[in-house]
Amino acid sequence: AIGKLLELKNRFSGLLTQVTAFMGAEGAAGIESMITKLEQLKGLIDQVHNQIRDPEKTTFVCVCIPEFLSIYETERLVQELSKSEIDTHNVVVNQVLFPDQDAEDLVDWYKDAKTGLPDKAQTLIGKTIARKRMQDRYIQQIFELYEDFHVTLMPLLDNEVRGVASIESFSSLLLHGSDEA
């Protein structure tokens with residue numbers, strides 16, 4: 001958009017000169033100052049754009065949760081970044097229930113433990129297993145859709161990630177896959 005404005009300035013320079021003559025010295029100086037600032041801004045935008053497109057300097061990490069809408073929006077984002085020639089080859093799937101187990105592991109455990117549990121606990125565990133099954137289906141789709149990407153599963157945490165200590169713990173979990181968080 002700024003480039004088009006500057007192109008219009010060049011195209012209509014004669015008209016612009018006449019208009020600034022009517023405005024006096026202050027008006028002309030104001031317009032010239034504005035044009036100079038636009039040219040500087042365009043240079044900065046071009047510099048940032050080139051840096052974003054350089055995979056040695058910048059890569060984009062997509063973050064989603066294992067649900068339909070989030071995966072759909074992530075795919076739209078990946079397509080747009082690709083069109084803009086912006087490197088993206090990482091996907092973080094956040095808020096995964098028990099990322100090291102599949103739903104059937106929970107079902108097997110639940111079969112043995114169910115009889116001794118109160119009805120409310122059985123209902124809660126049943127809903128958790130249903131959610132885990134749904135997440136497992138979407139996680140499988142993510143791995144199929146992004147087979148050439150580095151996909152990282154992050155567990156659903158007991159608390160929100162807030163504050164320096166919490167961010168450091170989450171970072172360690174993200175980078176090393178440990179259970180420190």
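The values are calculated or read from the model by the stated rules, or taken from the named source; none is laboratory data. Note that the structure is predicted; figures quoted are calculated from it, not measured. Every residue, glycine as well, gets a Cβ built from its backbone with ideal geometry; the counts of neighbours run over all protein chains shown. All accessible areas refer to the heavy atoms of the entire protein, side chains included, with ligands and DNA or RNA removed. Shrake-Rupley method; radii C 1.70, N 1.55, O 1.52, S 1.80 Å.
Listing for the model above:
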read-out	value
Within the stretch 64-119, considering residues that are of a type in the set (Phe, Trp, Tyr) and at pLDDT below 95, the one most open to solvent (accessible area, probe 1.4 Å)	109
Tally of residues being more than 25 Å from residue 170 (Cα to Cα) and among the polar types (S, T, N, Q) across the stretch 41-92	6
Only listed residue being closer than 24 Å to residue 70 by Cα, surrounded by fewer than 13 Cβ atoms within 10 Å (Cβ to Cβ) and at pLDDT below 95, chosen from 175, 157	175
Condition met for residue 90 (farther than 25 Å from residue 60 by Cα and outside any helix (DSSP H, G or I))	no
Count - residues of the stretch 42-56 that are modelled with pLDDT of 85 or more and in contact with a helix residue (DSSP H, G or I) (Cβ under 7 Å, 6 or more places away or on another chain)	1
